[in-house]
Amino acid sequence: MKNTKTAFITFFSVIPDNMGSSTVVNSRFKSWPSKKKLFQLSHIKKINNKNTKTIFIKKEKPLNKIFSLPELIFSVFLYLKSSKNKIIVIEGASWIFYSFLVFFLLKLIFIKSKIIYISHSIESEIRKKFSNTFIYLLTKYLEGLMFKYVDISTSVSKYEKSKIKKLYNVNTILYPNAINIDYKVGIKKITKDYILYSGSYLYRPNKNAIDYLNNNIMPILLTKHPKIKLLLTGGGLKKKYPWVINKNIIPKKELYNLIYHSKCLCVPLKFGSGTRIKIIEALSIGAIVISSSKGIEGIELNKKNPPFVLKNNKKFINTIDNVIKNNRSIKKKSIIAKNFYLKKYLMRKITNNFLKNCL
């Protein structure tokens, strides 16, 4: 990829890495071989250096992002204008309106550029569930145009690839969510026993899962294990519970430490799209995972039990109880299985294959 510059565009914070999508983009960016620069909208921290350009917004609101798009586009223009070969990677883990507008304008400016749309999920499905009818219909229309007219569009799993084909009659390139993990087991920093859920309470599917854990799982689980805690990361939850340890947003290495030393990562998601990065991370470091079938959807598994995949949320309490009682023996199985996931979801390998076949 000589004489090539690549601009990565995100409408959320990638650096610092504070959520699953950030982890994926960070890993992809570091694995990309050509000259590259990340352009991000962020309300967390203003980071500007050789490899990163941050357009800072005070609050993470749609209007703030829309008003910041001209600056973002102009910054990309300045970076790419002198390059002979231009690649633009648009990371789709945000409202499709931002992605489509940036795609449309940059394609007008750089007609010969190659623009890649990285689909993190099928957004119209999420909007249909949680947004009003107008936003849902607008999202579905723009998502269809994006998949149809962008130079290369991707999907995160075979399951989503087939759904996109059915919805929009477009054949996407399989580019699974993946990570580059560099984790060494550290000392357990929390002495209490706990199960863990990681995800922002401000995102509706996470809110539903956290509410289910607090309202349906923990009161019953505490009758069997009175000292067990629910540890949450990701921020957003304001309500206090006597059994909750709320760590909010934490650095990645600390998160891995907490996941590894937990009794299990518990993911009772009832709705979602794409693949859950926290589950891939947990499996890759040898943690025990208990998930609904929706939560683990799209992830290729080595074996089961662990991870425990439950079609019925009512089975969660009995499964968590079993994992707590037999934690040492089940943990050994998870540690043995981690090598499968480290190889299967290694971003460097997946990115190299993608570039070899598509560029």
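The values are calculated or read from the model by the stated rules, or taken from the named source; none is laboratory data. This one's a predicted model, so the numbers in the text were calculated from it and none came from an experiment. Cβ: placed from backbone, ideal geometry, glycine included. Neighbour counts: every protein chain shown.
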Tell me, yes or no, whether the stretch 252-259 has at least one residue that is assigned to a strand (DSSP E or B), surrounded by 20 or more Cβ atoms within 10 Å (Cβ to Cβ) and hydroxyl-bearing (Ser, Thr, Tyr). no
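Considering only helices (runs of 4 or more DSSP H) fully contained in the stretch 32-140, which possess at least 3 residues that are touching a helix residue (DSSP H, G or I) at 6+ places or on another chain (Cβ under 7 Å), over 27 Å from residue 235 (Cβ atoms) and assigned by TED's automatic domain parsing to the domain that holds residue 157?
Because the criterion is at least 3 residues that are touching a helix residue (DSSP H, G or I) at 6+ places or on another chain (Cβ under 7 Å), over 27 Å from residue 235 (Cβ atoms) and assigned by TED's automatic domain parsing to the domain that holds residue 157, the helices (runs of 4 or more DSSP H) in the stretch 32-140 that meet it are 62-80, 96-109.
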If I go through the stretch 306-353 residue by residue, how many of them are over 30 Å from residue 219 (Cα atoms) and touching a strand residue (DSSP E or B) at 6+ places or on another chain (Cβ under 7 Å)? 2
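Matching residues to (1) of a type in the set (Gly, Ala, Ser); (2) within 21 Å of the chain's Cα centre (by Cα); (3) under 30 Å from residue 123 (Cα atoms):
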position: 265; (1), (2), (3): no, yes, yes
position: 282; (1), (2), (3): yes, yes, yes
position: 312; (1), (2), (3): no, no, yes
position: 316; (1), (2), (3): no, no, yes
position: 332; (1), (2), (3): no, no, no
Taking the stretch 11-31 as the search range and keeping residues that are part of a loop (DSSP other than H, G, I, E, B) and under 15 Å from residue 94 (Cβ atoms), which one is modelled with the lowest pLDDT? 18
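Do we have any residue at all in the stretch 278-288 that's of a type in the set (Lys, Arg) and part of a helix (DSSP H, G or I)?
Yes, that holds for at least one residue.
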Could you say which residue among 165, 148, 114, 184 is within 15 Å of residue 92 (Cα to Cα) and basic (Lys, Arg)? 148
Can you report the number of residues in the stretch 146-179 which are among the acidic types (Asp, Glu) and either at pLDDT 95 or above or not assigned by TED's automatic domain parsing to the domain that holds residue 19 (or both)? 1
